[in-house]
Amino acid sequence: MLLTEAMLLKVLAAGLLARIAWLDFTTQKISNRDVLLLLCLGIGSLLLLSLQSRSWWDIGLSAVAGVLLFLALFPFWLLRKIGAGDVKLLAVVPLLIGGSGLTVFSLLLMVFALATALVVKNPLLLPQSAFRVYVQHLDKRGVVPFGVPISLAAICTIVLQIYWSFVLANSSGILGQLN
């Protein structure tokens, strides 16, 4: 039962991440309220999964990764190379996806960040003229909404985690016992 609640919290977090991505794309701002709510959903999900597995390793690894990311990115915020919301969002994501999802998240983030940079630098690749004009505006201002690839990578990681949990539950017969 704890697995179901943990996955529900992850689904809610994915919805919040979609909101964060949209707001970052349209306003170039990530609110502290959204990041704090995401932190609560992530910690709640990790606690439920740790209670089920009776192992606190994932919470510890996630907390260390979050602190290290914050400390590593804070100087870039001071140099105005990355936004404060992006730094906070990246520090919270390990607590949301858990230590076991960090590798998948990192690979997806790299792909989505490269795609975002490509679109911002080459807006003529885009089919829709209004979207192209907006991206050209972002390029002229020198702003890249980095919350978008962070959120997309986290959402994809969460979807994969939910899928893997479903496959594991199905193969172990847990779903058959529930019916």
Helix 32-53: inclination vs the chain longest Cα principal axis, degrees, rounded to 10, gives 30 degrees
The chain: spread of alpha-carbon positions along the three principal axes, whole Å, largest first, is 57, 36, 26
Fraction of alpha-carbon pairs in segment 70-123 farther than 19 Å apart, rounded to whole percent, equals 39 percent
Most packed first (mean Cβ within 10 Å per residue), the peptides 84-94, 22-32 order as 84-94, 22-32
The helix 84-97 Cα axis meets the longest alpha-carbon principal axis of the chain at an angle in degrees, between 0 and 90 and rounded to 10, of 20 degrees
Protection proxy (average C-beta count within 10 Å per residue), highest first, orders 52-58, 144-150 as 144-150, 52-58
Summing +1 per Lys or Arg and -1 per Asp or Glu among the other residues with Cβ less than 15 Å from VAL87's Cβ gives +1
What helix-only [θ] at 222 nm does the chain give? Using -39500 (n - 2.57) per DSSP H run of at least 4, over all residues, to the nearest 500, the answer is -28000 deg cm²/dmol
Taking Cα atoms only, helix 57-78 is inclined relative to the longest principal axis of the chain by an angle, in degrees rounded to 10, of 10 degrees
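All of the numbers you see were taken from the coordinates with simple rules; none came from a lab. Keep in mind that what you see is a predicted model, and the values were worked out from it rather than measured. Reconstructed Cβ throughout: ideal geometry from the backbone, glycine too, with neighbour counts over all protein chains shown.
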